[in-house]
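The values are calculated or read from the model by the stated rules, or taken from the named source; none is laboratory data. Just so it is clear, the structure is predicted and the values come from calculations on it, not from any experiment. Backbone-built Cβ (ideal geometry, glycine too); neighbour counts: all protein chains shown. Side chains included, ligands, DNA and RNA excluded: accessible areas come from the protein's heavy atoms. Shrake-Rupley method; radii C 1.70, N 1.55, O 1.52, S 1.80 Å.
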Amino acid sequence: MTNFDFYAPTYFAFGKDKENEAGKLVKRFGGSKVLIHFGGGSVVRSGLLDRVKKSLEAEAIPYIELGGVMPNPRSGLVYQGIDLCRKEGVDFILAVGGGSTIDSSKAIAAGVVYDGDFWDFYLGKPVTKALPIGTVLTIAAAGSEGSPDSVITLEDGMLKRGASGEAYRPKFSILNPALTQTLPPYQTACGITDIICHLYERYLTNTPDVETTDRMIEGLILAMITEGPKVMKNPDDYEARANIMWAGMMAHNNSCGVGRSQDWTSHNLEHELSAKYDCAHGAGLAVAMPAVFKYTMKHDVNRFAKIAVRVWGCQMDFENPETTALQGIERLKQFLISIGMPVTFAQLGAKAEDIPELAHKVLVHGDEVNDTLWGFTQMSKDDIVKIYELML
Ligand code: NZQ
Ligand code: ZN
């Protein structure tokens, strides 16, 4: 295990009706004027937004609202949010929604206290200062409720990029699993897929002797394999929703990723898919993961065989571990299909003729084009093209 510092001070309020504590938590973490940021309307329709507003009113905390965050959130609304917060003297941002709303809130929070263009952070500048953020989560998926990350799409060029920094960790996150019961089945499945991918991205490591985090990852994926089908069958299964919601946080606040190198190839290739075709992030990952894993498997067959045996119930073929490794990838793919995920380019609406452009964009970093994508393995543009071709 490598050395690490880990400081993840988000306060979690978990369970039924916890959204009614939003006002108290904003006060506890020093907010005196709030921007409530939300998405395309699900929180209005469910009545959640009204309950959150009431809890702020009960604490006499003034607020303004900005809705309209789209899935795969865009830079335009971030610029609008920054202007609004400055004009109104906002000192706390409350995200009510999914990963997209939380990520847009984080970008606004950093932009308000920064003299330059907020996009600098999405070109690699670490986020060291931001307004405090709180979240009321409505979908178990991205893990942004506990992560120091945010992903935004720059409309000029449709580049989807991430920014990171400890200032992006929410001060508090309210996780009421019942709020996820209104999700369409497809979004529920996209969330489960994203959670599984966050775990795989950490499992695929070049660091030896990381049994504790390996076991945590395996345990969380196993939980998704049992709890996922329960919510797909019965969307009102509160207990299964609760297990998935906490797993979504655990999968991505990096408690499973400390002290080990990580991969992120599937995410890097997926971000170009959701930037170009505006597909759901989880759906793009379902297409990307089996292809990435098949392509990189030879780099460490035993690691893929280990997860195949421990998580996917495969029998170890000691003569030919590659067979076991491949079986594990196939079982993952079949699981994704069983919860209704796409697994091919065509199912996603992606096009073979776009592959050269997608592969090029994976390597674009600001004004530069890198030669290599670093992860579990080292990838050239040619490798990336071949992986996209495996998704056809
Ligand atoms: O916009 P509304 O109307 O709220 O509808 C949303 C949206 O259409 C809907 N939804 C959410 N909760 C609902 C609901 N509908 C009914 N009932 C509910 N309770 O679901 C749709 C998807 O929402 P979104 O916020 O986009 O989902 P998700 O949480 O999967 O976020 C995806 C974004 O997060 C990024 C992705 O790239 C993508 O842009 N990621 C962020 C990460 C991070 N910050 O750490 C890491 C991830 O790897 C990921 O890249
Ligand atoms: Zn993800």
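Could you tell me the relative contact order of region 1-147? Use alpha-carbon pairs under 8 Å, at least six residues apart, and round to a whole percent. That works out to 25 percent. Residue ranges 363-370, 48-55, 317-324 sort as 48-55, 317-324, 363-370 when ordered by packing (mean number of other C-beta atoms within 10 Å per residue, highest first). Amide H to amide H distances under 5 Å link Ile61 with no residue, where only residues 5 or more positions off or on other chains count and H is placed in the peptide plane.
Protein chains only, probe 1.4 Å: how do Asp382, Asp194 rank by accessible area, largest first? Working shown, then result.
Working: Asp382 85, Asp194 5 Å².
The ranking, largest first, comes out as Asp382, Asp194.
Please calculate how many Å² of accessible area the chain carries per residue, with a 1.4 Å probe and no DNA, RNA or ligand atoms counted.
Details: 15710 Å² over 392 residues.
Here the residues of the chain average 40 Å² of exposed surface.
How would Met289, Met316 rank on accessible area, largest to smallest, probe 1.4 Å? Walk me through the numbers on the way to the answer.
Working: Met289 0, Met316 60 Å².
From most accessible down to least: Met316, Met289.
Region 178-197 and region 207-258 have Cα centres separated by 13 Å. For a modelled paramagnetic label at Asp300, 7 Å from Cα along Cα-to-Cβ, the residues of region 169-206 in reach, with backbone nitrogen under 20 Å, are 196-206. Legend: calculated FRET efficiency, Glu57 to Asp278, from the Cβ-Cβ distance at R0 = 41 Å, rounded to 0.05, equals 0.70. Loop-resident trypsin sites (Lys or Arg not before Pro) (DSSP state other than H, G, I, E or B) in region 297-391 with no more than 14 further Cβ atoms inside 10 Å of their Cβ: Lys351.
Give me the percent of accessible area attributable to carbon and sulfur for region 1-138, probe 1.4 angstrom.
Values: 3110 of 6130 Å².
The nonpolar share, carbon plus sulfur, comes to 51 percent.
The share of accessible area on region 261-392 that comes from carbon and sulfur is 49 percent, using a 1.4 angstrom probe.
Per the Cα gyration tensor, the chain maps to an equivalent ellipsoid with semi-axes of 34, 24, 19 Å, ordered largest to smallest. Could you grab the relative contact order for the chain? Cα pairs under 8 Å, six or more apart, rounded to a whole percent. Relative contact order here is 15 percent. Once both labels are positioned 7 Å from their Cα atoms along Cα-to-Cβ, the gap between Val44 and Asp120 label points is 3.5 nm.
Summarise the long-distance tail of P(r) for region 89-207 by giving the % of C-alpha pairs beyond 20 Å. Spell out each step's value before the answer.
Values: 3212 of 7021 pairs.
Within region 89-207, distances greater than 20 Å cover 46 percent of Cα pairs.
Please find the FRET efficiency linking His365 to Thr2, where r is the Cβ-Cβ separation and R0 is fixed at 22 Å, and quote it to the nearest 0.05.
On the way: r = 25 Å, r/R0 = 1.12.
That pair, His365 with Thr2, gives E of 0.35.
The mean sequence separation of alpha-carbon pairs under 8 Å and at least six residues apart, normalised by the residue count of region 345-392, gives a relative contact order of 39 percent.
Residues whose amide H lies under 5 Å from that of Val113, counting only those 5 or more places away or on a different chain, are Leu131; hydrogens are built 1.01 Å from N in the peptide plane. Sorted largest first by accessible area at a 1.4 angstrom probe radius, with every protein chain in place, the residues Trp246, Trp119 fall in the order Trp246, Trp119. Taken as Cα centroids, region 63-116 and region 118-175 sit 10 Å apart, rounded to the nearest whole angstrom.
Subtract the Cα-Cα distance of Asp17 and Ser32 from 0.36 nm times their separation in residues, and report this length gain in nm to one decimal.
On the way: separation 15, 0.36 × 15 = 5.40 nm, distance 2.30 nm.
Length gained between Asp17 and Ser32: 3.1 nm.
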